[in-house]
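What follows is a single structure, written as structure tokens, with notes after it.
The values are calculated or read from the model by the stated rules, or taken from the named source; none is laboratory data. Keep in mind that this is a model prediction, so the values were computed, not measured. Glycine gets a Cβ as well: all are built from the backbone with ideal geometry, and neighbour counts include every protein chain shown.
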């Protein structure tokens, strides 16, 4: 068998999908299977179970892990509120695994209001213009206060396109920042009675030699999982796949690989084939709010007139109650009438579809026919209906 196929666990901000996984090498030696959870998450979960917290196994339409955004949580509700609540798990009533990003992508997207130096980044809040400072050390402290099971190193996400010199300089600074993150993380403990795990992030823009250098540096750190950043920022999909394949060939096979910010259903399937295990993307909910639905038969713009008198269910094939109960005509009516319920139904559907899709991917990996299924499914989920 070639490079191992990832399990393809999807995450999405604000009610994400999928879950992290630990290697279970049966029946295939290079495939992640569904029944287990990453030991980096398990540690914290078991400790919470010991405290009397119920951890649910989840079903086909249930999320196994959610992603919290460090930048936004830091600004509001703020660390004081989160610490008083006992961390983000308690604040939102979530008993399962949780991951936080470092806030780096959001900070660096504030191009006109931030300054990057070796020490860290000074930026202005998009809410009230107040000044703030993120550095590797305090980003670790912030994520300790949030309390996610998996936390991310502070990195710089380069834009696309960017020149080679800038990409190299940024990558090298990201590596230096990682060492500072690790020093701070390893010198501190979780605040809520369970352990956390730190994932470093591979950078290097779209330059092959930089991606290889970064992946090798990240792999040598020996953390419990690794992330791939700086992709899905405007580069062509084929370039993203090329960089992903380069990196997954280097990152340890026995540890989860997390591709940040990806992606469309087709992106996810292609990257599972390249050995990626975890994803996050705002697309299911953002597109839902704009009336775009992902379905097992293709992409629907529910605003279109053609759905006005279509009284069939949104997508009964995925086994979700919302998708099987409400009709396309009804959802179109809610959408064009600008009812809040439209965004709710569409979001639940899209999230459920992503869960269904990666669940199907796991089944076909186990059945040994993932490659042929993936080829057909990529074509189907990319079709506009």
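Data overview
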| item | result |
| --- | --- |
| Long-range neighbours under 9 Å by Cβ, at least six apart or interchain, first residue on the phi > 0 side of the Ramachandran plot within the stretch 318-332, second surrounded by 18 or more Cβ atoms within 10 Å (Cβ to Cβ) and not in a helix (DSSP H, G or I) | 319/61 |
| Selected residue (only one of 380, 374 is touching a strand residue (DSSP E or B) at 6+ places or on another chain (Cβ under 8 Å) and either part of a helix (DSSP H, G or I) or not assigned by TED's automatic domain parsing to the domain that holds residue 289 (or both)) | 380 |
| Complete set of residues in the stretch 144-159 that are more than 16 Å from residue 191 (Cβ to Cβ) and touching a strand residue (DSSP E or B) at 6+ places or on another chain (Cβ under 8 Å) | 152, 153, 154, 155, 156 |
| Residue check for residue 166: closer than 26 Å to residue 110 by Cβ and assigned to a helix (DSSP H, G or I) | yes |
| Residue list for the stretch 210-235, restricted to those being in contact with a helix residue (DSSP H, G or I) (Cβ under 6 Å, 6 or more places away or on another chain), within 16 Å of residue 168 (Cα to Cα) and in a loop (DSSP other than H, G, I, E, B) | 231 |
| Residue count, the stretch 185-220 (criterion: more than 23 Å from the chain's Cα centre (by Cα) and on the phi > 0 side of the Ramachandran plot) | 1 |
| Which listed residue, of 287, 301, is surrounded by fewer than 20 Cβ atoms within 10 Å (Cβ to Cβ), in contact (Cβ under 8 Å) with a residue 60 or more places away in the chain and farther than 24 Å from residue 228 by Cα | 301 |
| Residue 238, sole failed condition from (1) under 30 Å from residue 176 (Cβ atoms); (2) not in a loop (DSSP other than H, G, I, E, B) | (1) |
